[in-house]
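Report on one structure; see the data block that follows.
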Amino acid sequence: MSIPRLQLRRDLIMRRISLRDRCVWVLKDPLSSAFHFFDEAEFAILRRLRDGVSFATLATRYRDRLPPAALAEFLSAATRAGILITPDGAAASPAWRPASRRPQPAWWKNPLAIRLPGITPDRLGALFRPTPAIDASHDARHSPGRLHGIARVIPCAVAAIVVVAVVVVGMNQQALIEDFAAAGSRLVAPANGIHGSTGASPLTNTLLAFAIAIAVTKIFHELAHAWVCQKLGGRCREIGVLLLFGVPCLYCDVSEAWLMPRRRDRILVSAAGVLAEWIVAAIAVILWASTRSGLLHDVSALIVVVASVSTLLVNANPLLRYDGYYILSDAVGVPNLAHEATLAIRQTWASWVSGDRTSQSAALPRPWLVAYGIASWIYRLVILCMIGWLMFSFLKAWFGIGLAVPVTVGLVSLVLRQRMNAQLASGPLPTDAVAQRWRRPAASAAILLASGLVLCIPLPHSLRVGSLIRPSGERPLFAAASGMIMPRTSGTAMRLDDWRLRWKELASLGRIAELESEFAATRIDRVDRPSLSITQPVVASQIASEREHHATLVSRLDQLRCSLGPGEKLYAPPSRQPTREERMAGRWGWTGTPLDPDNVGATLTQGTLVGRAGSPDRRTASLYVPEQSIDNVRLGQLVRVGYRGLPSGSVRGHVESISADPVDEVPEEIVASGWIPNNSSGSSGTIPSAVHYEVVVMIDEASPVLPARLVTAARIEFAAASLWSRWRKWFRQ
């Protein structure tokens, strides 16, 4: 079949733009809003086709500079892209036939980001009034996109706000981290299965604050793109409402920034959103420091993180196709960076498979393009898995695993299918009609197979129980004798005083001194009075007896002092309140804890709990596991301990021991927190109403040191089980 006469479409918008070390031509299709990039040599070929030229004529003209096969491949790709047409109406080969225009995807194909119909920003007034269009032949020094007076004021104001915010963060860094950690723990509470302990009101407020933070940040982000694009001579085609995870935000189409001739202007348009989010974060820091606890305070703390950390991980990250990607694309001079990286990976793979590693393109830095493409694929897969797992955790906590599995698998499969179709569309078109017909069904089958494999892969599951945090090597300290509380000294947990015993000890010291003086005098006088030599053994025996008596008194005094061992720290016991009888009589010895300074001088009876001694920086956790779940617990299993104010999973440990018999009593703190119902009180705790076993967990050294005697939730990670098996078990139950 003959190749028809080809002609360049006359309605295409053409601009010559500068890249890092070269200039390229940008052709915009006004019908599909697609942008196509060509270097000077490629555009020279296309310019020859303005009036329509046959392939034979064109091949003859470029015979000495370009092989006919390469020219045919280039013209075929341009025809499929819709740049070239056949004005004479001749039948075209399938390889030369333009690709049909893809319709706008339905909203349900991307339910996490639904775009509503928008408007042109020209209707919003003078703020988005565009400057005159930039012509390719216009001198860059006289470009109307240059900002004059306002360009000097805005950077100074922004710099001042950022400096103030940095100072505020430096002075209140710990408080900001604690506020965000508290809000984050409430936000992820449903994913951890926490409902009653967290409360509906704090969770609702945190979700509302998180939605407001996302909306405010993304609105300013998109408005910054549109405003900078308009002021630099570009045109924002559309602005509208975007439902991002159900949160109303904005979206702006500033794709026409590719028509700007200067690379600096295009980079500034791409970076405007990131810079705007950092400015919003700086303002939020000032608001956070100026407000007290409340909705505005929580919103400001969340905005700081959303507009700073998340911006670096998502928007400013060049591995995702957001602002950072376009900044890198312009910076390295590769307009369609993702497509070129994919082609580089395909070419490298083809050269490895064929064994021909010498045929590499000299125009592209192949090694770094391959590395970028692989890193981008891995990072996108990690982000997709994280989003899928968070969605699965929330759905499982609120609706059960029966709904969580199909919804999560369906959404992830939908996203993967869209990505696969996009990659197939950007790849080379097979010449075989059978291969072309089976490309998409094969991709769908591969996704279904991958989903089935994911359902059959064993995944971990866990059990959430109550735990009591203890210092490592914890031992109770009791008052060995009655006495008066004295001020504490270094290395002493508690010092008591008994004035009678102390008086006897001083009297014994005096008696020893008296006897030693008498013994020394007899040794001096025995020269003149030899009879005194007989009394020396008697006096020596009295001295030994008195010293033994003094040692006994000192030992009794030492019992009034509770000492700490090397490397131990004293932890206060539970606070004591006056009993009803003491309040009625109006007389009681002491309140609070024996370690309180206000109790110095009070009398402490024998057997009173002074405190507990243990390691200052190592912790163990006592978990109380019900009988029906103890069979799944094994030594060495990972345990995650939750604590309000710290991110989930930051405190972890491993099972060190499992009690062989059920516990007879559990600590009062566990029962008071509602983890275990009790029957009656025991000597040192309470008797549980159900059978429980104690599991001791050694907290890792790298984990934060939690307060002693803290009652908190702990999650024991059990052996892995597939989602399919857990789903079947859920339906059987």
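Against the conditions (1) in a helix (DSSP H, G or I); (2) surrounded by fewer than 21 Cβ atoms within 10 Å (Cβ to Cβ), where does LEU243 fall short? Just the number, please.
Only one criterion in (1) in a helix (DSSP H, G or I); (2) surrounded by fewer than 21 Cβ atoms within 10 Å (Cβ to Cβ) is unmet by LEU243, namely (1).
Taking the options SER290, SER300, name whichever one is buried (at least 20 other Cβ atoms within 10 Å of the Cβ), without any contact (Cβ under 8 Å) to a residue 40 or more places away in the chain, of a type in the set (Gly, Ala, Ser) and over 30 Å from MET14 (Cβ atoms).
Going through SER290, SER300 in turn, the sole match is SER300.
In the stretch 447-488, which residue that is of a type in the set (Gly, Ala, Ser) and free of Cβ contacts under 8 Å to residues at least 60 places away in the same chain is surrounded by the most Cβ atoms within 10 Å (Cβ to Cβ)?
SER451
Step by step: first the residues of the stretch 554-582, then only those that are in a loop (DSSP other than H, G, I, E, B) and hydrophobic (A, V, I, L, M, F, W, C), then the one that is farthest from ALA613 (Cα to Cα). Which residue is that?
Within the stretch 554-582, the match that is farthest from ALA613 (Cα to Cα) is LEU560.
Residue by residue through the stretch 217-236, note down the ones that are basic (Lys, Arg) and over 10 Å from VAL269 (Cβ atoms).
Hits for the stretch 217-236 are LYS218, ARG235.
Could you say which residue among GLU222, GLU238 is modelled with pLDDT of 85 or more and either surrounded by fewer than 24 Cβ atoms within 10 Å (Cβ to Cβ) or acidic (Asp, Glu) (or both)?
GLU222
May I ask you to list the residues in the stretch 623-647 that are hydrophobic (A, V, I, L, M, F, W, C) and either touching a residue at least 24 places away in the same chain (Cβ under 8 Å) or in contact with a helix residue (DSSP H, G or I) (Cβ under 6 Å, 6 or more places away or on another chain) (or both)?
LEU623, VAL625, ILE630, VAL633, LEU638, VAL639, VAL641, LEU646
Go through (1) out of contact with any Ser or Thr (no Cβ under 6 Å at 6 or more places or on another chain); (2) modelled with pLDDT under 75 and name the single condition ASN679 misses.
Failing condition for ASN679: (1).
For a quick check of your reading of the model, give me the residue pairs whose first member lies in the stretch 546-564 and is closer than 15 Å to GLY483 by Cα, whose second is loosely packed, with under 15 Cβ neighbours inside 10 Å, with beta-carbon atoms closer than 6 Å and at least 6 apart or on different chains.
ARG561/THR492
Please go through the stretch 645-661 and pick out each residue that is within 15 Å of ARG464 (Cα to Cα) and surrounded by fewer than 16 Cβ atoms within 10 Å (Cβ to Cβ).
Selection gives GLY649, HIS654.
The values are calculated or read from the model by the stated rules, or taken from the named source; none is laboratory data. All figures in this text were calculated on a predicted structure; none of them were measured in a lab. In this analysis, Cβ positions are derived from the backbone assuming ideal geometry, glycine residues included, and neighbour counts consider all displayed protein chains.
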